[in-house]
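Working notes for the structure below.
Every number here is computed from the coordinates shown, using simple stated rules; none is lab data. Please read all numbers here as calculations on a predicted model, not as lab measurements. Please note: Cβ atoms are built from the backbone with ideal geometry, for glycine as well, and neighbour counts cover all protein chains shown.
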There are 2 protein chains.
Amino acid sequence: MAKIQYLKDIDKGYVDVIAWVISSKRINDREIEVTLRDSTDVRTLKLVSDDVKLINEIANLPKESIIRIIGEYRNSVIKLSNISTLIKASEELPVDIYSISPDDVEKFVKYSYIVIRRPKYAKVLKIQQWIMYYAREYLYKQGFVELLPPIISPCSDPGLRGARKLRTMFYSHEYELTSSVIMFKQTAVASLEKIFFVARNVREEPIDNLKTGRHLCEFTQIDIEWAFANMWDVMKLGEELIVYVMEKLYQNHKDVILEFNPEFKIPKKPFKVITYDEAVELLKKYGIETPPGQELTQEGETKLSELMGEEPFWLINFPRTSRGFYYIEDPDKPGYNKDFNLILPKGFGELIDGGEREYRYEGIVKRLQELGEDLRKYEWFLELAKIGIPPSAGWGLGVERFTRYVLGLKYIWEAVPFPKVPGIVPTP
Amino acid sequence: MAKIQYLKDIDKGYVDVIAWVISSKRINDREIEVTLRDSTDVRTLKLVSDDVKLINEIANLPKESIIRIIGEYRNSVIKLSNISTLIKASEELPVDIYSISPDDVEKFVKYSYIVIRRPKYAKVLKIQQWIMYYAREYLYKQGFVELLPPIISPCSDPGLRGARKLRTMFYSHEYELTSSVIMFKQTAVASLEKIFFVARNVREEPIDNLKTGRHLCEFTQIDIEWAFANMWDVMKLGEELIVYVMEKLYQNHKDVILEFNPEFKIPKKPFKVITYDEAVELLKKYGIETPPGQELTQEGETKLSELMGEEPFWLINFPRTSRGFYYIEDPDKPGYNKDFNLILPKGFGELIDGGEREYRYEGIVKRLQELGEDLRKYEWFLELAKIGIPPSAGWGLGVERFTRYVLGLKYIWEAVPFPKVPGIVPTP
């Protein structure tokens, strides 16, 4: 039998609710104060009964027990007619749900199956759903078709900046787990022209990346691709999506947003743009060196984010050698790509990675070879490139990073159920 | 530069469109008839020009070349002012996009990267997007929260009826790829009560299952779970979702639906219900035996579907021994579960699998042991069960199977981009 009422519904009159016990405080023989949670609310309620046995039963319940309360609510008190214990939780929990800290990342992720019960994190997940809902709404309105993403294939994105792809055996054949869906995107736009995947990616990150607080080994991207578009078209799309989602969140969920992030601010379009070379020069002035031909260091990116102000900004035209095989070189700026990152303010880091694609067979082969990849693994994609791939541009936006940013969360492992972080195993 | 016009927009006046060449037929020096496709339409257009070079260029283009056409459309003819070849496709394609048949499954799946270009299959994928859109719309309205699903974890669903879970190494620890998200669902309802995942599952199916035409090794489930609900609650939800989605599809996409499936019919609620025992008795009358304590045979399920008429129906109360560890035994019917399948008519097979869950620690341990599973792999879930899992009910609905059913497709590999089918490797 499904629930009659939720905690948020409790008002004067009849009560029939099922909820989890957070804590209880006996007042006397016939009165007890309980703090309860369910998916809608946390409430502290005074329960009274002439039947001492009912009060005893409640008083003896460990935290996380599940109880059904039937009675009448009047003058801030529930007069019980009956209670029923659905689940008596174990006496000792392995961790205290309400004091476990995300600063203690090992404990936090190993006990993700308990952390999810904390009302704070249930709220995060509800907001995450709305982020996805509004993002889809925006992309559908722009005519993008959503496709179901694969999770294994013979070859996945090799451009992982030090992270390793995971492997598996599938009918005795070695396959890779999706590190990104880039090749599927370029394949799909030859049919549907404007597409996106909501793709789960898996990467074994360097263990050091745990320290950044923004790396997950399993993460979700809204991964779009647009045939015949250029980088400026898709950058504009990205800005508009971000602002659209944030406006809708503020419009429809203001209380929760401000509860988490009193400094929540919708960025102003258009976002500022700075080139890689300009950024490297600027950082030099502050004593930060960037290794030639490579992406900015973490320190550099953080400093740059500080210098660029309180708004997200685009960092464009990376050196070719620093990036994945699928970015195309700028014919007007040899050695540099037509690509971009969107960097969030206040050290929240990179949110979007994208650019115009290499779509010519010879170009793809050359770049795969430069990366030291085994071309035989990429057989189907190279066959496709010989047939002809349309020029396109696209990007991937990190859903968990976006969630973290809008809610102002300290760590990315607070922004996903069942987080997997660099170096910590096993976790659910 | 993104496209100015799409093929469906071409009407009197200015034309500036980018499209793929399907075929061309030269009429004379100055006239050529081309059949073009893009994401919106397939059009056969007559192009004329006084500049013979333009007509020559078009005439020499192989299939799948991408061309930009600028001109003026008047009296069923486009008077060209300019053309531009964006991509000249290779002279020979490895397969002919328009004649490749899904009956030839090996070819069809190995060349999925080309098959996706066929307008028929682009339409299938657009309908699939709308199926997901309406399903989400319905579940959100019912208060279900969508969560992002994991794709690797220490232990995944072992109840796979002969299929094998895939493995991978993650920081030197053996993990499994998601075969289903059941454990995560039971974990999440202890917080959010009404949840769902749109979960990609991977299973190495027995090679024989290729013959059924309805097995994929990678498939997507809308996987819901509802705390404190019983099987009838979630069966009702399932019926309502199916009817809601089909009504919306018919309302908003009737032309495409009927083009694929002239016999499209929205089922009437409530769906019929038959128990496993009743089904076994009925099949005996037709000379079909069911191995004791096991699910119906494929032959049996197909015959039953025929006998039950033109509508989907619920098959309930399976023998405990035939099912996964997470189904709970019916205390009023020992040896049988409180579980169900939804079987589609006309041999389309099982669409939904679900039931009330085993939520007690001792019950879960017993059932895992019966299945011969190594309890150490399930450590986190068993710890959770000790703390206390709420009673719940839920189900998984196969998105590709639902797509196949509404469109009346012959095989399931027509209902997903980049299909992976039993025994055929490698495919994209």
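Between B:Ile70 and B:Arg26, the modelled label-to-label distance comes to 2.6 nm, taking each label 7 Å out from Cα in the direction of the beta carbon. Neighbour counts of other Cβ atoms within 10 Å put A:Lys386, B:Lys268 in the fewest-to-most order B:Lys268, A:Lys386. With Cα atoms as the point set, the radius of gyration and Dmax of the range A:105-415 evaluate to 19.2, 56 Å. Neighbours of A:Val256, meaning other residues whose beta-carbon lies under 11 angstrom from its beta-carbon, give a summed charge of +2 when Lys and Arg score +1 and Asp and Glu score -1. Distances between copies of A:Asn56, taken at a point 7 Å out from Cα along the Cα→Cβ vector and listed shortest first: 10.3 nm. Report summary: the helix-based calculation at 222 nm, which adds -39500 (n - 2.57) for every DSSP H run with n ≥ 4 and divides by the residues of chain B, gives -9500 deg cm²/dmol. Summarising the label geometry, the points placed 7 Å from Cα in the beta-carbon direction at A:Glu91 and B:Asn82 lie 8.4 nm from one another.
For B:Lys165, A:Lys254, the sequence from fewest to most other C-beta atoms within 10 Å is A:Lys254, B:Lys165. A point 7 Å from Cα along Cα→Cβ stands in for A:Asp277, and the other copies hold the same point at 8.2 nm, listed in rising order.
At an R0 of 51 angstrom, the distance between the Cβ atoms of A:Asp374 and B:Tyr140 translates into a FRET efficiency of 0.70. Taking label points 7 Å from Cα along the Cα-to-Cβ direction, B:Lys254 and A:Val42 give a separation of 5.2 nm. Principal-axis analysis of the Cα atoms of chain A puts helix A:119-141 at an angle of about 40° to the longest axis. Expressed as an acute angle from 0 to 90° and rounded to the nearest 10, what is the orientation of the C-alpha long axis of helix B:276-285 relative to the principal long axis of chain B? Tilt relative to chain B: about 70 degrees. Sorted from closest to farthest, the other copies place their B:Glu379 label points 4.0 nm away, with each point set 7 Å from Cα along Cα→Cβ. Against the empirical curve 2.2 N^0.38 Å, the C-alpha radius of gyration of the range A:139-231 lands at a ratio of 1.19. Counted by neighbouring Cβ atoms within 10 Å, the residues B:Met169, A:Met235 run from fewest to most as B:Met169, A:Met235.
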